[in-house]
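In what follows, a structure is listed as structure tokens, so that the remarks can point back to it.
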Amino acid sequence: MSLSSRRVGVMGGTFDPIHHGHLVAASEVAAKFALDEVVFVPTGRPYQKSMREVTPPEHRYLMTVIATASNPRFTVSRVDVDRPGDTYTIDTLRDLRAEYGETAELFFITGADALAQIMTWKDLDELFSMAHFVGVTRPGHELVVDGLPTEGLSLLQIPALAISSTDCRARVEDDLPVWYLVPDGVVQYIAKHELYRSEHG
Ligand code: ATP
């Protein structure tokens, strides 16, 4: 093992479904911050998305595995999927810290929309002590940093992909294609398991 500490990006998300916006964000941060690995962490039950039925974690986990398989630096963690109860980022980071060890440097990746919500997250000070935060641009959302600790935060401009999971779900329901918005294997997974079609619940 190398003597220098491992640099690990953490890409948390509902991934319902995972799309190319997520993958480009992870890839851009990996390049910019010379990361050894980006671990994708699908949420268990995201407390902020309780307004709608979220697809069962196992489907979201498997779509994330499929989407990241072609990149040797991308991995997928089950820590949030396997933890009972609501998902809080503080628990995600604690579990990953335990897994990767004290010497690893964690970089938590977040889009502009999620960054704007961050003030409402549980244990904000501890969060910023556990990881460096990287906010990436996202079309339709301003990259806001008011009230956030600037020391532990970097902002990164990335190629603008106006893709959202919400739009992907709506397209499937409306019989519109999601090819090239999500990876090919994810298109096939959605079709095979008949996800996002309201007549199937
Ligand atoms: P939904 O539409 O269901 O709310 P989403 O498309 O926002 O989903 P999430 O899984 O909630 O996807 O997002 C995970 C993380 O990826 C968040 O930090 C989010 O800001 C970021 N992200 C999602 N889509 C993009 C995008 N197109 N460009 C940059 N960042 C993105």
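Descriptive notes on the structure:
- Subset tally (residues that are aromatic (Phe, Trp, Tyr) and buried (at least 17 other Cβ atoms within 10 Å of the Cβ)) for segment 132-181: 1
- Selection count where residues are assigned to a loop (DSSP other than H, G, I, E, B) and acidic (Asp, Glu), scope segment 147-179: 3
- For segment 168-196, the candidate set comprises residues that are among the charged types (D, E, K, R) and over 16 Å from Leu23 (Cβ atoms); within that set, the residue that is farthest from the ligand (Cβ to nearest atom) is Lys192.
- Residue ID - modelled with the lowest pLDDT, chosen from residues in segment 90-119 that are of a type in the set (S, T, N, Q) and in contact with a helix residue (DSSP H, G or I) (Cβ under 8 Å, 6 or more places away or on another chain): Gln117
- Residue in segment 114-131 that is within 9 Å of the ligand (Cβ to nearest atom), assigned to a strand (DSSP E or B) and either surrounded by 19 or more Cβ atoms within 10 Å (Cβ to Cβ) or not hydroxyl-bearing (Ser, Thr, Tyr) (or both) present: no
- Of residues in segment 13-47 being within 12 Å of the ligand (Cβ to nearest atom) and of a type in the set (D, E, K, R), the one most open to solvent (accessible area, probe 1.4 Å): Glu28
- Search result, residues across segment 145-189 that are over 20 Å from Ile66 (Cα atoms) and among the β-branched types (Val, Ile, Thr): Val145, Thr150, Ile158
- Among all residues of segment 73-85, there is at least one that is in contact with a Gly (Cβ under 6 Å, 6 or more places away or on another chain) and open to solvent by less than 20 Å² (accessible area, probe 1.4 Å).
The values are calculated or read from the model by the stated rules, or taken from the named source; none is laboratory data. These numbers come from a predicted model, not from an experiment. Ideal geometry is used to build each Cβ from the backbone, glycine not excepted, and the neighbour counts take in all protein chains shown. SASA here: full protein model, heavy atoms, side chains in, ligands and nucleic acids out. Shrake-Rupley method; radii C 1.70, N 1.55, O 1.52, S 1.80 Å.
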